[in-house]
1. Could you estimate the translational diffusion coefficient of region 106-148 from the Stokes-Einstein equation, with Rh from the Kirkwood formula over C-alpha pairs, at 25 °C and 0.890 mPa s, in whole µm²/s?
2. Accessible surface of PHE346 in the full protein assembly, 1.4 angstrom probe, to the nearest 10 Å²?
3. Under the classification rounded if a/c is under 1.5, otherwise prolate if a/b is larger than b/c and oblate if not, where does region 19-62 fall, given a ≥ b ≥ c as square roots of the Cα gyration tensor eigenvalues?
4. Tell me, what is the Rg over Rh of region 212-301, with Rh the Kirkwood radius over Cα pairs?
5. On full extension of the chain, what length is gained from THR202 through ASP120, given 0.36 nm per residue of separation minus the C-alpha to C-alpha distance?
6. Could you tell me the largest-minus-smallest coordinate of the C-alpha atoms of region 114-176 on each of the three principal axes, in descending order and whole angstroms?
7. Once you charge only the Cβ atoms, +1 for Lys and Arg and -1 for Asp and Glu, what is the size of the charge dipole of region 159-301 about its Cα centre, to the nearest 20 debye?
8. Percent of Cα-Cα pairs more than 17 Å apart in region 204-245, please.
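The values are calculated or read from the model by the stated rules, or taken from the named source; none is laboratory data. Please read these numbers as outputs of a predicted model, since none were measured by experiment. Neighbour counts are summed over all protein chains in view; Cβ atoms, including those assigned to glycine, are modelled from backbone coordinates with ideal geometry. Each accessible area value is taken on the protein alone, full model and side chains, heavy atoms only, with ligands, DNA and RNA left out. Shrake-Rupley method; radii C 1.70, N 1.55, O 1.52, S 1.80 Å.
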Amino acid sequence: MKKFFTLIAVAFATLSLNATEIFKFQLNSDAPEVTVSAGESYTIDGTYAYGTITLGGSITINNGHSKNASKMISGGKINLGGSGGNYVEVNLPSGVTLKAGDVIKLLGGTDKGGGISFADDQKISTDNMDANNEFTVPAGGDAMPRFFIWRGATKPKFTGILVERNENQVISPVISVADGKVVMTCATEGAEIYYATAAGVTTSTGTKYTAPIAITSTVTYYAIGVKEGMENSKEVSKAVEYVTIPTDATLEATLKAPSDIAPGGSDVELESLTDGTFTATKKESDAVLSNSAPYNNLDAFKGLVKVKKTIIITTTGEKNIAAIRVKGISNSDGNGQAVTATGMKFTTDSNVLPARDAVTEPGVVDLVAETPAKKFEVYFSGQARVMFEVYTTTATGILEVKKFEVSDGVIYNLAGQKVNENYKGVVIKDGKKMIQK
């Protein structure tokens with residue numbers, strides 16, 4: 001059942017060149033416990049005995065559970081524990097909407113994290129608030145009269161909510177990854193971006209961003225937005241992971257169509273693709289594994305088979321599968337086809353095979369094992385035409401050390417187990433093989 005409290009009007013603060021509060025709610029430390037029934041909500045829309053909204057607007061605490069009641073105010077804090085369905089809706093004062101660059105802050109947070117979205121059906125299951133429990137509104141948040149705070153991957157507890165605006169500060173840049181490159185954008189017109197691989201970027205210590213940056217290593221980028229006559233933006237950061245097939249992995253087998261079908265011929269369902277040691281089979285009964293004519297009968301597409309859903313790649317050999325290169329195209333025009341695999345990471349370039357229209361060469365998705373093993377499941381949500389190149393290694397459990405060039409001084413044997421300096425034999429230290437005698 002919804003509960004409402006009397007709204008007390010407060011004059012809206014005039015915007016200035018400095019940071020201005022456009023919404024603020026603060027819960028008192030002696031606020032009583034509030035339990036909200038499953039599927040119900042609890043609304044605060046003004047000043048009441050245990051907390052205050054000082055600029056107008058309202059908050060509604062929602063229990064997204066279908067069965068269980070939740071204690072959503074306890075210990076003087078709003079508690080988004082329980083399932084990820086619990087959330088708070090924040091309605092800004094009448095006539096006020098968000099702008100890109102506004103900063104949403106959770107006050108008095110005891111557990112970091114939580115997610116901000118701009119639609120009640122846009123549930124956030126991962127944290128997008130930074131380490132200070134702050135979130136900078138992107139361009140997609142413009143003109144929104146409300147926002148939603150979700151549990152995210154953590155269970156945030158907080159005493160208040162604050163939204164600040166600084167009209168004279170450059171909007172923080174956005175760092176993203178596309179097509180194997182780092183892309184930086186800034187929503188402030190005319191602003192420049194400076195970046196570095198260490199915190200504390202300035203125009204002197206940073207490099208001016210002019211074009212997407214190729215990813216060649218695992219690194220964290222830091223960036224600021226700069227424009228003459230305005231305050232520099234807040235610094236933002238993004239960790240970029242570099243994943244590649246290990247240099248010592250061996251291309252062991254290529255699983256492809258056993259024979260080509262003439263143009264116009266019917267597809268032939270296959271039980272498996274195999275060379276005797278490595279095998280590709282369907283997991284689900286309605287998965288697709290069939291031989292078909294090459295796309296446009298081009299030589300570049302000969303050997304591809306149709307696939308859909310989960311294809312299991314296994315080996316009976318002594319070596320473990322270290323990586324799988326999927327070569328092919330989406331089986332539709334205009335839409336690429338994403339490829340994923342359980343226990344594997346796709347390389348930095350992309351995990352999407354290109355749409356078949358106007359393509360003269362197959363695309364490539366490299367899948368790298370987090371831990372080398374005898375079996376991996378490769379998943380296609382839609383139909384594609386592919387072949388599989390399988391790479392092997394004798395190592396297990398050490399690919400992360402080698403792949404990311406970790407220099408932590410820890411020594412591993414070839415089974416991926418930590419050992420000390422007294423261990424005799426072949427070991428891996430700082431990402432390199434060596435022999436300890």
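1. Values: Rh = 11.2 Å.
For these conditions, the coefficient is 219 µm²/s.
2. 90 Å²
3. Values: a/c = 2.63, a/b = 1.57, b/c = 1.68.
Verdict is oblate for region 19-62.
4. Numbers: Rg = 24.0 Å, Rh = 18.7 Å.
Using Cα coordinates only, the ratio equals 1.28.
5. Details: separation 82, 0.36 × 82 = 29.52 nm, distance 3.81 nm.
Extra length available between THR202 and ASP120 comes to 25.7 nm.
6. 34, 26, 24
7. On the way: 9 positive and 19 negative charges, 113 e Å.
It comes to approximately 540 debye.
8. Details: 376 of 861 pairs.
Tail of the P(r) past 17 Å holds 44 percent of the pairs.
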